[in-house]
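Chemist: Could you have a look at this structure, given as structure tokens, before my questions?
The values are calculated or read from the model by the stated rules, or taken from the named source; none is laboratory data. For clarity, every value in this text was computed on a predicted model and none was experimentally measured. Here Cβ is always computed from backbone atoms with ideal geometry, including for glycine, and neighbour counts include all displayed protein chains.
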């Protein structure tokens, strides 16, 4: 495994990801963990594993991204998630388009040129209602496992409208809907719709140029994908590892040495 | 009592003015030996800066010791104050005072005072700072003289109408309102006549409060001084076209204080004449405000008063200089409309025309012109939670700047005075992503 030429680490709000790439920029090794409160110790451990499991050398080029990027002191450079996501997704699909990344703590829409450059971006990091946290919160409130959330929502025959735009107030709205006997699946579907509508507004504000790509942990949710297609009228394509796009991009930036 | 007042005034001002002058000399002698610090990405402050500080200090010193018999007016930043100056009013500007509180990091606590009294947090943070200061009596400038008259002009927003009504009720003094019809596309003669008549009607009210009659010649003098200061300010701003830019909008945000709150004064004209010379000198010597200027940007909307230095340095580190802004331009672009031969007509023509009283398309046109004139590589549009009239339309303006000028543009969410509506981590993240996007 000593063919690893560069490493990228993405320290998000929910998960920490590390990716190793070979000389062609292909992802050849990766790890994904829940993020821990002692981030620096976690980063240290991830590097130790990169050395032990993937044979990464001490002086391997390394770039860090994500909210915790400044804590990865081993990294030669810190680069924002915007640039890294664009780089990662461009490497995978080889063209431009619009990337939507829905993470645990923020969401972003990035328009990418045919040559892989960021043309425009917008971020939602002020309000949890457009992020994975919105679904996480409601999933726990409704006692539905996170991984089944999308399927449950899609199984609904009808859809309830959730009007609260705030995660916390949406929760109390959900409680009162349950009290009114509204089926769980219909509420779930409504919650997904509410999230996707917010995301769609973001996509529109950067100008949707197809293909529409989706990354981040929430990309694993089938209902979000489908509804995003319904709302935008564009087919949504997914990378092989939606959660690793940022870390992969960071590794590519590291390899390019800029 | 009157003797005591006189003693207090002359003693206080003499001492205060001397102290300010000494502070200026000290700062100037330090400034002369100042060279760009090796680690600093920004040029040393302008030599004129100690003088600015002295002017602002003097302005508020006079507020502490108002001349016996002199009347005090509180006015909005875009109000036609020339007729009040001609009547020897001492003019205070709650918005400027708010900005001072903002830069001195005192606004948050004053806003809280207003909120505790029941004012909504959605209200403009200048209004909350001012109302909080009035209610609590707290201010970092020592003391604000009580107004005898209030003048609100709706050419900047409608909030001032309600804000000044609060002040009128609190102080129990007359409020003069100048209502300026909004200019969607073109201004009609009727609109001008409407504003002019209101100014004409305001003069007798101000005369009655002041207990004196306005002299036409004095008004002409004041108008001429206003015009000259604004012209010089416009000239200074235009020097930003130079590469590297001799001064940034962060400098302008501070240096604009006199043209806003001391227009109509001879010393203000002298001040800007001296500043223009210094800026010319910087150009002649090739001094740029940012080391290795690589990108030049536009700033739209009010400053983020409590983070000026941070933003200047954060951008400066990447060789980015913000060289033009719609905000500082607002006090220069109307200079030619001020007419000293027919001051009242001139005031009507001028004060109906600020950027905030014109349609969003007009602001876009101004920005596009700036992008071309100043050779700009991008734009930052501060979406100011407090200033709705300035922020409305920015989504479209951003999109059109990108499409029609081919430059990247960033919408930055913050608030001009309330740090609780500003998150540094997220602002930094957006700025960094924007900087990377520009390929710096």
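Chemist: If a residue must be touching a residue at least 24 places away in the same chain (Cβ under 8 Å) and either more than 12 Å from every other protein chain (Cβ to nearest Cβ) or touching a strand residue (DSSP E or B) at 6+ places or on another chain (Cβ under 6 Å) (or both), how many such residues does the range B:390-413 contain? Quick ask: steps written out before the conclusion?
Modeler: In the first step, residues of the range B:390-413 are kept if they are touching a residue at least 24 places away in the same chain (Cβ under 8 Å); the result is B:390-394, B:396-397, B:400-401, B:404-405, B:407-413.
Then drop every residue that is not either more than 12 Å from every other protein chain (Cβ to nearest Cβ) or touching a strand residue (DSSP E or B) at 6+ places or on another chain (Cβ under 6 Å) (or both), which leaves B:390-394, B:397, B:401, B:404-405, B:407-413.
Of the residues in that region, 16 qualify.
Chemist: Right, another one. Just wondering, is there one or more residues in the range A:24-43 that are out of contact with any strand residue (DSSP E or B) (no Cβ under 8 Å at 6 or more places or on another chain) and touching a residue at least 60 places away in the same chain (Cβ under 8 Å)?
Modeler: So far as the range A:24-43 goes, yes, one or more of its residues are out of contact with any strand residue (DSSP E or B) (no Cβ under 8 Å at 6 or more places or on another chain) and touching a residue at least 60 places away in the same chain (Cβ under 8 Å).
Chemist: Condition first: over 19 Å from residue B:134 (Cα atoms), in a loop (DSSP other than H, G, I, E, B) and without any contact (Cβ under 8 Å) to a residue 40 or more places away in the chain. Now tell me which residues in the range B:166-194 satisfy that.
Modeler: B:179, B:186, B:188
Chemist: Please work out which one of (1) under 30 Å from residue B:177 (Cα atoms); (2) part of a loop (DSSP other than H, G, I, E, B) is the condition residue B:286 fails and give its number.
Modeler: Result: residue B:286 passes all but (1).
Chemist: Go through B:153, B:101, B:157 for me and flag whichever is surrounded by fewer than 24 Cβ atoms within 10 Å (Cβ to Cβ), modelled with pLDDT of 95 or more, closer than 30 Å to residue B:352 by Cβ and touching a helix residue (DSSP H, G or I) at 6+ places or on another chain (Cβ under 9 Å). Let's see the steps before the verdict.
Modeler: Numbers: B:153 fails: surrounded by fewer than 24 Cβ atoms within 10 Å (Cβ to Cβ); B:101 fails: surrounded by fewer than 24 Cβ atoms within 10 Å (Cβ to Cβ).
Going through B:153, B:101, B:157 in turn, just one is surrounded by fewer than 24 Cβ atoms within 10 Å (Cβ to Cβ), modelled with pLDDT of 95 or more, closer than 30 Å to residue B:352 by Cβ and touching a helix residue (DSSP H, G or I) at 6+ places or on another chain (Cβ under 9 Å): B:157.
Chemist: Answer yes or no as to whether residue B:57 is in a helix (DSSP H, G or I) and in contact (Cβ under 8 Å) with a residue 12 or more places away in the chain. Reasoning before the result, please.
Modeler: Numbers: in a helix (DSSP H, G or I): yes; in contact (Cβ under 8 Å) with a residue 12 or more places away in the chain: yes.
Taking the combined requirement at face value, the residue satisfies it.
Chemist: Now a separate question. Just to be sure before I move on: is residue A:158 more than 14 Å from chain B (Cβ to nearest Cβ), farther than 19 Å from residue A:8 by Cβ and touching a helix residue (DSSP H, G or I) at 6+ places or on another chain (Cβ under 7 Å) in the structure I sent? Full working, then the answer.
Modeler: Numbers: more than 14 Å from chain B (Cβ to nearest Cβ): yes; farther than 19 Å from residue A:8 by Cβ: yes; touching a helix residue (DSSP H, G or I) at 6+ places or on another chain (Cβ under 7 Å): yes.
It is true that residue A:158 is more than 14 Å from chain B (Cβ to nearest Cβ), farther than 19 Å from residue A:8 by Cβ and touching a helix residue (DSSP H, G or I) at 6+ places or on another chain (Cβ under 7 Å).
Chemist: Hey, could you check the range A:50-60 for residues that are part of a helix (DSSP H, G or I) and without any contact (Cβ under 8 Å) to a residue 12 or more places away in the chain and say which is farthest from the other protein chains (Cβ to nearest Cβ)? Full working, then the answer.
Modeler: From the range A:50-60, those part of a helix (DSSP H, G or I) are A:50-54; that's our starting set.
Going one step further and asking which of them are without any contact (Cβ under 8 Å) to a residue 12 or more places away in the chain, we end up with A:51-52.
Details: A:51: 29, A:52: 32 Å.
Across the range A:50-60, the extreme among qualifying residues is A:52.
Chemist: Quickly run through the range A:137-151 and pick out the residues that are without any contact (Cβ under 8 Å) to a residue 60 or more places away in the chain and within 25 Å of residue A:106 (Cβ to Cβ). Write out each step before concluding.
Modeler: Residues of the range A:137-151 without any contact (Cβ under 8 Å) to a residue 60 or more places away in the chain: A:137-146, A:148.
Across the range A:137-151, the qualifying residues are A:137, A:138, A:139, A:140, A:141, A:142, A:144, A:145, A:146, A:148.
Chemist: Still on this model: The conditions are (1) away from every other protein chain (no Cβ under 14 Å); (2) in contact (Cβ under 8 Å) with a residue 40 or more places away in the chain, and residue A:63 fails exactly one of them. Which is it?
Modeler: Here residue A:63 clears every test but (1).
Chemist: Can you say whether residue B:360 is away from chain A (no Cβ under 12 Å) and modelled with pLDDT under 95, as far as the supplied structure shows? Can you show your working first?
Modeler: Details: away from chain A (no Cβ under 12 Å): yes; modelled with pLDDT under 95: yes.
So residue B:360 fits the description; yes.
Chemist: Run down A:149, A:135 and say which single residue is surrounded by 23 or more Cβ atoms within 10 Å (Cβ to Cβ), under 22 Å from residue A:197 (Cα atoms) and at pLDDT 90 or above. Please lay out each step first, then the result.
Modeler: Values: A:135 fails: at pLDDT 90 or above.
The match here is A:149.
Chemist: Hey, another quick one. Residues that are within 14 Å of chain B (Cβ to nearest Cβ), touching a helix residue (DSSP H, G or I) at 6+ places or on another chain (Cβ under 8 Å) and surrounded by fewer than 24 Cβ atoms within 10 Å (Cβ to Cβ): find the strands (runs of 3 or more DSSP E) completely inside the range A:66-127 holding 1 or more of those. Break it down stepwise before answering.
Modeler: Working: elements: A:97-102, A:107-112, A:118-124.
In the range A:66-127, A:107-112, A:118-124 are the strands (runs of 3 or more DSSP E) which contain 1 or more residues that are within 14 Å of chain B (Cβ to nearest Cβ), touching a helix residue (DSSP H, G or I) at 6+ places or on another chain (Cβ under 8 Å) and surrounded by fewer than 24 Cβ atoms within 10 Å (Cβ to Cβ).
Chemist: A follow-up question, please. Tally the residues that are touching a helix residue (DSSP H, G or I) at 6+ places or on another chain (Cβ under 7 Å) and farther than 22 Å from residue A:17 by Cα, restricting the search to the range A:131-142. Steps first, please.
Modeler: Within the range A:131-142, the subset touching a helix residue (DSSP H, G or I) at 6+ places or on another chain (Cβ under 7 Å) is A:132-139, A:141-142.
If we keep only those that are farther than 22 Å from residue A:17 by Cα as well, we get A:137-139, A:141-142.
Count: 5.
Chemist: Filter the range B:417-440 for residues that are under 22 Å from residue B:111 (Cβ atoms) and in contact with a helix residue (DSSP H, G or I) (Cβ under 6 Å, 6 or more places away or on another chain); which is surrounded by the most Cβ atoms within 10 Å (Cβ to Cβ)? First the steps, then the outcome.
Modeler: To start, the set of residues in the range B:417-440 that are under 22 Å from residue B:111 (Cβ atoms) comprises B:417-427.
Filter again for in contact with a helix residue (DSSP H, G or I) (Cβ under 6 Å, 6 or more places away or on another chain), leaving B:417-419.
Working: B:417: 33, B:418: 25, B:419: 19.
Among them, the one singled out is B:417.
Chemist: Being part of a helix (DSSP H, G or I), surrounded by 15 or more Cβ atoms within 10 Å (Cβ to Cβ) and out of contact with any strand residue (DSSP E or B) (no Cβ under 7 Å at 6 or more places or on another chain) narrows it down to one of A:174, A:168, A:182, A:144, so name that one. Show your work before the answer.
Modeler: Values: A:168 fails: surrounded by 15 or more Cβ atoms within 10 Å (Cβ to Cβ); A:182 fails: part of a helix (DSSP H, G or I); A:144 fails: part of a helix (DSSP H, G or I).
Just one listed residue meets the conditions, A:174.
Chemist: Look through B:312, B:257 and report the one residue that is in contact with a helix residue (DSSP H, G or I) (Cβ under 6 Å, 6 or more places away or on another chain), surrounded by fewer than 22 Cβ atoms within 10 Å (Cβ to Cβ) and closer than 30 Å to residue B:423 by Cβ. Working first, answer last.
Modeler: Working: B:312 fails: surrounded by fewer than 22 Cβ atoms within 10 Å (Cβ to Cβ).
Sole residue among the options that is in contact with a helix residue (DSSP H, G or I) (Cβ under 6 Å, 6 or more places away or on another chain), surrounded by fewer than 22 Cβ atoms within 10 Å (Cβ to Cβ) and closer than 30 Å to residue B:423 by Cβ: B:257.
Chemist: Is it fair to say residue B:352 is surrounded by fewer than 22 Cβ atoms within 10 Å (Cβ to Cβ), within 30 Å of residue B:87 (Cα to Cα), at pLDDT 95 or above and more than 14 Å from chain A (Cβ to nearest Cβ)?
Modeler: Numbers: surrounded by fewer than 22 Cβ atoms within 10 Å (Cβ to Cβ): no; within 30 Å of residue B:87 (Cα to Cα): yes; at pLDDT 95 or above: yes; more than 14 Å from chain A (Cβ to nearest Cβ): yes.
Judged against the criteria, residue B:352 is not a match.
Chemist: Okay, moving on. Out of everything in the range A:201-220 that is more than 11 Å from the chain's Cα centre (by Cα), in a loop (DSSP other than H, G, I, E, B) and away from chain B (no Cβ under 14 Å), what residue ends up being surrounded by the fewest Cβ atoms within 10 Å (Cβ to Cβ)?
Modeler: By that ranking, first place goes to A:210.
Chemist: For residue A:28, all conditions in the list (1) at pLDDT 90 or above; (2) outside any helix (DSSP H, G or I); (3) within 14 Å of chain B (Cβ to nearest Cβ) hold save one; what is the number of the exception?
Modeler: (3)
Chemist: Here is a further query. In the range B:414-426, how many residues are closer than 21 Å to residue B:388 by Cα and either assigned to a loop (DSSP other than H, G, I, E, B) or more than 10 Å from chain A (Cβ to nearest Cβ) (or both)?
Modeler: Taking the range B:414-426 and keeping what is closer than 21 Å to residue B:388 by Cα, we get B:414-423.
This time we only want the ones that are either assigned to a loop (DSSP other than H, G, I, E, B) or more than 10 Å from chain A (Cβ to nearest Cβ) (or both), so: B:414-420, B:422-423.
The total comes to 9.
Chemist: Does residue A:85 qualify as being out of contact with any strand residue (DSSP E or B) (no Cβ under 6 Å at 6 or more places or on another chain) and modelled with pLDDT of 95 or more?
Modeler: Working: out of contact with any strand residue (DSSP E or B) (no Cβ under 6 Å at 6 or more places or on another chain): no; modelled with pLDDT of 95 or more: yes.
Judged against the criteria, residue A:85 is not a match.
Chemist: Same structure, new question: Would it be correct to say that residue B:78 is without any contact (Cβ under 8 Å) to a residue 40 or more places away in the chain and more than 21 Å from residue B:421 (Cα to Cα)? Talk me through it step by step, then tell me what you get.
Modeler: Working: without any contact (Cβ under 8 Å) to a residue 40 or more places away in the chain: no; more than 21 Å from residue B:421 (Cα to Cα): yes.
Considered against the rule, which asks whether it is without any contact (Cβ under 8 Å) to a residue 40 or more places away in the chain and more than 21 Å from residue B:421 (Cα to Cα), residue B:78 comes out as no.
Chemist: Working only within the range A:186-200, note down all residues that are surrounded by fewer than 20 Cβ atoms within 10 Å (Cβ to Cβ) and under 16 Å from residue A:144 (Cα atoms).
Modeler: A:186
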